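Reviewing the structure listed below.
The values are calculated or read from the model by the stated rules, or taken from the named source; none is laboratory data. Only a predicted model underlies this, so the values are computations on that prediction, with no experimental measurement involved. Reconstructed Cβ throughout: ideal geometry from the backbone, glycine too, with neighbour counts over all protein chains shown.
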Ligand code: PLP
């Protein structure tokens with residue numbers, strides 16, 4: 001049985017060209033990038049080179065990029081690095097954010113911050129006119145994602161960040177799902193902080209970056225050695241950084257092709273599901289303007305009752321097809337997706353929702369096979385549609 005991997009929003013395979021860029025640093029070039037000798041310098045030169053490559057891709061100065069150990073770490077550093085420099089006590093975010101944002105916000109709430117969740121439209125999108133009235137002189141930080149990891153819905157981050165800039169409120173953007181997938185220019189977006197993670201764009205796991213605009217009231221959250229000019233302590237993960245830089249470079253070079261292919265795959269899957277199930281499927285989020293890589297589908301039986309998504313997911317897995325029923329972090333605990341519920345759905349409807357997410361190596365034949373298998377599985381478990 002061959003694997004059909006449709007879970008690229010959870011993680012992506014490492015590109016062979018990325019591994020090639022990493023290999024020297026697993027082997028002979030093992031120097032600590034902070035060491036004063038030639039072995040250390042070799043590693044330091046490599047990390048600087050890849051930092052510049054990444055800075056070019058996202059449109060910032062190399063000095064504004066801080067390497068971290070994950071998207072989650074970048075987000076935590078953004079939150080607590082800002083809060084420790086601001087006297088204001090309100091954090092604005094949204095219920096559809098990843099747990100990597102919601103949990104730091106909750107921790108802040110436990111220490112006296114007020115956390116306000118911006119209202120969403122039916123696709124899970126935030127509009128500038130909804131955010132504007134919430135911004136006041138007591139707002140310490142606004143954190144909103146670029147694209148949602150379960151539905152692909154994209155917020156108009158440029159407009160949202162502009163509102164914050166006019167009031168001198170730092171804006172953090174979780175761009176973990178969009179880095180390498182759509183153009184990401186921090187000047188155009190106008191954000192102050194931005195988090196990315198290499199394993200979502202065919203780079204290595206456990207490697208992330210935080211962009212901090214020069215002049216932002218932010219200071220180090222991870223304390224220890226003076227790596228990253230005192231902004232993130234800890235020995236640099238040189239192979240990881242080389243891999244992340246190369247992966248982002250390749251993603252930028254091949255972006256147009258990859259986007260076109262993913263757009264076609266997403267449309268093909270929607271059309272085939274429509275043909276096969278008609279009103280027994282519903283697509284969630286902004287399917288037109290959202291990210292090409294993510295498709296969220298809720299399945300119903302012929303009587304309109306939500307189907308058991310866990311059953312669908314397990315049966316697909318038996319056939320070698322990988323997808324998700326929420327974010328990877330919640331699927332282990334089989335909780336209904338907080339994102340789908342935040343968009344006004346019941347826990348049962350959330351439980352009947354699957355996420356299919358496409359990557360650069362998926363084919364149209366794989367999408368066809370996934371829909372064929374779904375049809376088999378669902379017809380085994382429900383009465384035939386009238
Ligand atoms: N933010 C979003 C939107 C994500 O999808 C993820 C991972 O699923 C993260 C943050 C966390 O990133 P990492 O896995 O690098 O910690």
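Pairs linking a residue in region 9-21 that is in contact (Cβ under 8 Å) with a residue 24 or more places away in the chain to a residue that is surrounded by fewer than 16 Cβ atoms within 10 Å (Cβ to Cβ) and assigned to a helix (DSSP H, G or I), with Cβ atoms under 7 Å and 6 or more positions apart or on different chains, are 10/328.
For residue 258, state whether it is surrounded by 17 or more Cβ atoms within 10 Å (Cβ to Cβ), over 19 Å from residue 22 (Cβ atoms), under 20 Å from the mean Cα position of the chain (by Cα) and in contact (Cβ under 8 Å) with a residue 60 or more places away in the chain. So residue 258 fits the description; yes. Report yes if residue 76 is within 24 Å of residue 223 (Cβ to Cβ), over 24 Å from the mean Cα position of the chain (by Cα) and surrounded by 15 or more Cβ atoms within 10 Å (Cβ to Cβ), otherwise no. Here the answer is no, as residue 76 does not meet what is asked. Taken over region 24-40, the criterion of being part of a helix (DSSP H, G or I) and surrounded by 14 or more Cβ atoms within 10 Å (Cβ to Cβ) is satisfied by 24, 25, 39, 40. Taken together, the residues in region 156-182 that are crowded, with 21+ Cβ neighbours inside 10 Å and under 29 Å from residue 18 (Cβ atoms) amount to 11. The residue that is surrounded by the most Cβ atoms within 10 Å (Cβ to Cβ), among those in region 1-23 that are away from the ligand (no atom under 16 Å from the Cβ) and closer than 20 Å to residue 209 by Cβ, is 22. Looking across region 41-79 at every residue that is within 16 Å of the ligand (Cβ to nearest atom), part of a helix (DSSP H, G or I) and in contact with a helix residue (DSSP H, G or I) (Cβ under 8 Å, 6 or more places away or on another chain), the one that is farthest from residue 201 (Cα to Cα) is identified as 79. Screening residue 273 with (1) more than 22 Å from the chain's Cα centre (by Cα); (2) in a loop (DSSP other than H, G, I, E, B); (3) crowded, with 18+ Cβ neighbours inside 10 Å gives one miss only, at (2).
When the residues of region 84-100 are filtered to those that are within 14 Å of residue 170 (Cβ to Cβ) and buried (at least 22 other Cβ atoms within 10 Å of the Cβ), which remaining residue is nearest to the ligand (Cβ to nearest atom)? Looking at residues that are within 14 Å of residue 170 (Cβ to Cβ) and buried (at least 22 other Cβ atoms within 10 Å of the Cβ), I get 93. Pairing residues of region 142-169 that are on the phi > 0 side of the Ramachandran plot with residues that are within 12 Å of the ligand (Cβ to nearest atom) and at pLDDT 95 or above, at Cβ distances under 8 Å and at least 6 apart in sequence or on separate chains, gives 152/177; 152/291; 152/293; 152/294.
Within region 352-372, the residues that satisfy the criterion of being in a helix (DSSP H, G or I) and either modelled with pLDDT under 95 or under 30 Å from residue 16 (Cα atoms) (or both) are 364, 365, 366, 367, 368, 369, 370, 371. Quick one: is residue 20 part of a helix (DSSP H, G or I) and at pLDDT 95 or above? Here the answer is yes, as residue 20 does meet what is asked. Taking the listed residues 212, 191, the one that is away from the ligand (no atom under 16 Å from the Cβ) and modelled with pLDDT of 95 or more is 212, with no other qualifying.
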